[in-house]
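Novice: This is the structure, below, for whatever I ask next.
What follows draws every value from the coordinates through simple rules; no lab data is involved. Please read all numbers here as calculations on a predicted model, not as lab measurements. Neighbour counts run over all protein chains shown; Cβ positions are idealised from the backbone, glycine included.
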Amino acid sequence: MKILVIGKGRMGSLIETTALSHGHEVIGKVDIFDSDQILNTSCDVVIDFSHRDNVKWVCEYCKEKNASLVMGTTGLEEEHMESLHALSKTNAVFFSYNYSYGVAVMRKALELVTPLLEKDFDIEMVEKHHNQKADAPSGTAMMLLDTLDPEKEYKHVFGRQGMVGKRQKEIGISAIRGGSVAGEHTVFYFGQDETISISHNATSRQIFVNGAIKAAEFIVNQEPGFYSMDDLLNQ
Ligand SMILES: NC(=O)C1=CN([C@@H]2O[C@H](COP(=O)(O)OP(=O)(O)OC[C@H]3O[C@@H](n4cnc5c(N)ncnc54)[C@H](OP(=O)(O)O)[C@@H]3O)[C@@H](O)[C@H]2O)C=CC1
Ligand SMILES: O=C(O)C1=N[C@H](C(=O)O)C[C@H](O)C1
């Protein structure tokens, strides 16, 4: 499979070496500043772990070259999601804010547990990441929030400075940054005299890379559409 990697940082570099070790061809590893030279070349799959400012031109490239897209960049806004959904009408698009198998399974656990607890327990989330991370809260935290509150019934409170007490339908999200933490997400259900917590701890970003390569290998043979980690879990 011919892969074009967007992003030359921590994730882009590891994706390149891992893709090569899986026997794939990497036609380039680029960002906006040096994309011109590569954009005449075709590939099968584009893997993007970079910055939301790249989403528009990456989608245009995929459409023109008929390439599938694996999108891992976080911090996307509505306009970026619209570009991805528009592309999915003609191309296969795989999207997740977290490519680890463990977080995909954690989401299933939250789906199961939350309806049993939400009436009597307060829900809070804490995420921890390395001190170079550009966005907060993490993409994964936003994705887990969707899982915890699919009907958008709760008020989402990011940080709690200056607040006293907690109203009924509120989920708090706290982001902590420091050192080299690859990524930790914990959902707490606080009850009267008891606490349940469900936690995922990434000890290396290799788990995200392995998931992204798996997603690329899966999507290369798919019809146009919008795919997620659920499609990998269900295959
Ligand atoms: N979905 C998932 O499972 C995971 C997602 N991620 C996400 O992947 C992304 C990249 O993470 P990581 O590799 O650690 O980050 P890095 O900071 O190491 O790399 C970011 C890359 O994006 C480029 N970039 C930064 N700002 C811009 C901009 N404004 N316009 C165009 N390009 C830009 C950088 O170029 P330059 O160096 O020249 O600035 C660099 O090539 C993040 O959004 C992160 O949250 C990370 C891990 C897992
Ligand atoms: O920037 C990171 O490092 C990570 N970003 C993703 C996110 O924002 O959730 C996934 C992972 O937690 C690491």
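Novice: Expressed as cubic angstrom per residue, what is the convex hull volume of the alpha carbon set of segment 193-235?
Specialist: For segment 193-235, the hull spanned by Cα atoms encloses 105 Å³ per residue.
Novice: Please list 21-32, 153-164 highest first by mean number of surrounding beta-carbon atoms within 10 Å per residue. Don't skip to the end; give the middle numbers.
Specialist: On the way: 21-32: 15.2, 153-164: 11.2.
Taking the mean over residues of other Cβ atoms within 10 Å, the ranking is 21-32, 153-164.
Novice: For segment 98-146, rounded, prolate or oblate, judged on the Cα gyration tensor with a ≥ b ≥ c (square roots of eigenvalues), a/c < 1.5 rounded, else prolate if a/b > b/c?
Specialist: Details: a/c = 3.04, a/b = 1.64, b/c = 1.86.
Judged from the Cα gyration tensor, segment 98-146 comes out oblate (a/c at least 1.5, b/c at or above a/b).
Novice: Ok, one more. Which links in LYS56/LYS169; LYS89/LYS155; LYS56/LYS89 stretch past 26 Å when you go from one Cα to the other?
Specialist: Values: LYS56/LYS169 36 Å; LYS89/LYS155 33 Å; LYS56/LYS89 15 Å.
Exceeds cut-off: LYS56/LYS169; LYS89/LYS155.
Novice: Order of MET81, MET71 from fewest to most other C-beta atoms within 10 Å? Walk me through the numbers on the way to the answer.
Specialist: Working: MET81 14, MET71 29.
Ranked by crowding around the Cβ, least crowded first: MET81, MET71.
Novice: How big is D for the chain, in µm² s⁻¹ as a whole number, if Stokes-Einstein is applied with the Kirkwood radius of its Cα pairs at 4 °C and 1.567 mPa s? Show your work: numbers first, answer last.
Specialist: On the way: Rh = 18.7 Å.
Rounded, D is 69 µm²/s.
Novice: Among all the aspartates and glutamates, which ones have a C-alpha under 17 Å from LYS2's C-alpha, if same-chain residues fewer than 8 places away are not counted?
Specialist: The reachable aspartates and glutamates, counting only those whose Cα sits under 17 Å from LYS2, are GLU16, GLU25, ASP44, ASP48, GLU64, GLU217.
Novice: Taking only the alpha carbons of segment 101-202, what extent do you get along each of the three principal axes, in Å, biggest first?
Specialist: Answer, in whole Å and largest first: 37, 35, 27 Å.
Novice: Report, please, the projected area of segment 31-111 averaged over directions, based on the convex hull of its C-alpha atoms, in nm².
Specialist: 6.0
Novice: State which entries of LYS108/LYS166; LYS29/LYS65; LYS133/LYS166 exceed 20 angstrom in Cα-Cα distance in the structure shown.
Specialist: Values: LYS108/LYS166 27 Å; LYS29/LYS65 17 Å; LYS133/LYS166 29 Å.
The answer is LYS108/LYS166; LYS133/LYS166.
Novice: Which value in deg cm²/dmol, rounded to the nearest 500, describes the helix-derived mean residue ellipticity at 222 nm for the chain, given -39,500 (n - 2.57) per DSSP H run of n ≥ 4 and division by the residue count? Please report the intermediate quantities before stating the final value.
Specialist: Working: 7 runs with 79 residues, N = 235.
Helices in the chain give a 222 nm mean residue ellipticity of -10500 deg cm²/dmol.
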